[in-house]
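No lab work stands behind these numbers, since they all come straight from the coordinates. Values in this document were obtained by computation on a predicted structure and should not be read as measured data. FYI the Cβ positions are ideal-geometry reconstructions off the backbone, even for glycines, and counts take in every protein chain you see.
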Amino acid sequence: MGGPSAGVQQVWALLDLATIPLGGTFEEQLVPFVAGCASLFHASGASLFLAEGTQGKFRLVAKHGAEVRAPLGATIQAGSGIAGTCIAARKPMVVTEPDRSDLFKDVPRRPEIGSAMVVPIVVPPDECLGVLNLSRGPSEPSFSDEDLFVAWSVVRYLGLALRNVTLLAERNRALAEEERMRAEIEAVLSSLAVGVITLSADGSVEAANPEAVKILGGLEPRGEDPLGQDLLELAREVRSHGRLQRVSRRQQPERIVLLNGAPLPGGGVVVALEDITERERSEREMARMRRLAEMGQMAAAIAHEIRNPLTGICGASQMLLEHGGQIAELAQIIHDEGERLNRLCTDFLDFAKPLRLHRQRCDLRNLVHGVVTIQRARAEQAGVRLVAVLPEEPVHVEVDAPRLSQVLHNLVVNGIQACDPGGVVEVELLPDGFVVRDSGRGMSEETQAMLFTPFFTTKPKGNGLGLSTAKKILDAHGGSIEVESRVGEGTVFTIRLGGEAA
């Protein structure tokens, strides 16, 4: 048997062209298809219009032959002209004498065209994707019904290819839009100062933004960590009860995280994590400052009221001292205790006054060295080793040196008193402050919580204003003081002066 005829081979070639997948500009790939159609049907002109939008407009995307005078991009409208009429009718036609047809009576005759074959590209259910126009000159044979049948078959195959291409393009657009939205959501979540984590129905992590990873200390919530326990427990409750909120607290080191959970379709849960540790500290500090202000006003008022009768008591005791004997001894006791009360009143009044700093440039090494030198005798008497850790380079700052020295004296004395014989107190100078460590008895969490409260003291003869005054001095400098302590392991006070020294 012989091979396929040349006509059949051309038809198969056209079908191959119609299956070319999209890559680059699809319209460029249609040019050889249109040229192949012109060759197969011995047409002197060929053009292909494709639908543009849903308004019945069709745009010229490929052409072949000099007879096609319309430029690429030209448009036709469904229902207008020969091609538009075939589009509206959804049927292929061979047109030889358009002026003799009722369908084309309003269409002007073109003398350079003897016959035309117009084949709309229709796909189920009744959508027209475009139209193929083929033309021959007046001296050429007219198109036959057989030509129309072949063209209709080829074009229907092209219609399926175009539909596939359209569906693929729509899918690609949907995927691109989904990817764009996902990227936008990820960018928004990454920029948030709030952690966001999604858990599947079985409790495994599906997604987490960088802030959530930072708060959790990793991608997966750890069951041994209090925050991880609270997060997993909240997720279980959210699946049963819907939206819930919980505060997770950890003591050492202090950390407070607000958890907001909401259910997701399919049994998943999304949880927002907000670290509110600093906010809680600020609120506590503001409340403490308000209490301090109120207590300071009250202390000042009480001190003034006490000082007036104290003056009379001390004056009377001075007169009784002149009588000698037992009366003089009792008068001395009255006088000494009155003077102690008077000094306490002075401390109260000083604490209630707003601080006025006199800042001067100084080298913190000299300040630390001076305090350690003065307190070394006290430390030796208690059997405690006092150590200063100083950098080689100067640490210059603008501070009220006497006030800051008062803070350091207070911390060093407290450290010495907290140590048993053989203990160590260390003062280390930092670029922006200093640290005072002791190996003493340490403090409970309850004591630490009350540490900077005025009049709170654990010492039999203390007035409870030492650390409160130190905190007040550091607040005035724009600095801070923090304490870390464990019972039986000692205490560390860290003082920051509000910025690195220059």
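A few comments on the model shown:
- Around T166: net Lys/Arg minus Asp/Glu count, Cβ-Cβ under 11 Å: +1
- Cα gyration tensor shape for region 360-496, rounded if a/c is under 1.5, else prolate or oblate: oblate
- Averaging the sequence gap over all C-alpha pairs within less than 8 Å and six or more residues apart, then dividing by the number of residues, gives region 192-275 a relative contact order of 31 percent.
- Stretching the chain fully between E27 and R249 yields a gain of 73.5 nm (0.36 nm per residue, less the alpha carbon separation).
- Amide N proximity, region 37-80 versus S139 label position 7 Å along Cα-to-Cβ, cut-off under 20 Å: 39, 41-46, 65-69
- Label point distance in nm, Q332-D420, each placed 7 Å from Cα along Cα→Cβ: 3.8 nm
- Here the peptides 366-372, 440-446 are ranked by packing, the mean other Cβ count within 10 Å, and the order with the highest first is 366-372, 440-446.
- Shape of region 192-275, Cα gyration tensor, a/c cut at 1.5: prolate
- Order by protection proxy (mean Cβ within 10 Å, highest first), peptides 208-217, 32-41, 386-395: 32-41, 208-217, 386-395
- Note, ³J(HN,Hα) from phi for region 31-45, Karplus 6.51, -1.76, 1.60, rounded to Hz, x at Gly and Pro: 4, x, 5, 5, 4, x, 4, 4, 5, 4, 9, 6, 9, 7, x
- A388 long-range amide H proximity, modeled H, under 5 Å: V427
- Spacing of the modelled spin labels on Q360 and A476, each 7 Å from Cα toward Cβ, amounts to 1.6 nm.
- Sequence-ordered 3J(HN,Hα) estimates for region 254-270 from the Karplus curve with 6.51, -1.76 and 1.60 and θ = phi - 60° stand at 4, 8, 10, 10, 8, 10, 10, x, 9, x, 10, x, x, x, x, 9, 10 Hz, glycine and proline given as x.
- Taking a straight line from the alpha carbon of K214, these aspartates and glutamates sit under 12 Å away, with near neighbours fewer than eight places off in the same chain left out: E274, D275.
- Ordering T85, T75 from the fewest to the most neighbouring beta carbons within 10 Å gives T75, T85.
- Potential extension, N164-V487 segment - 0.36 nm per residue separation minus Cα distance: 108.7 nm
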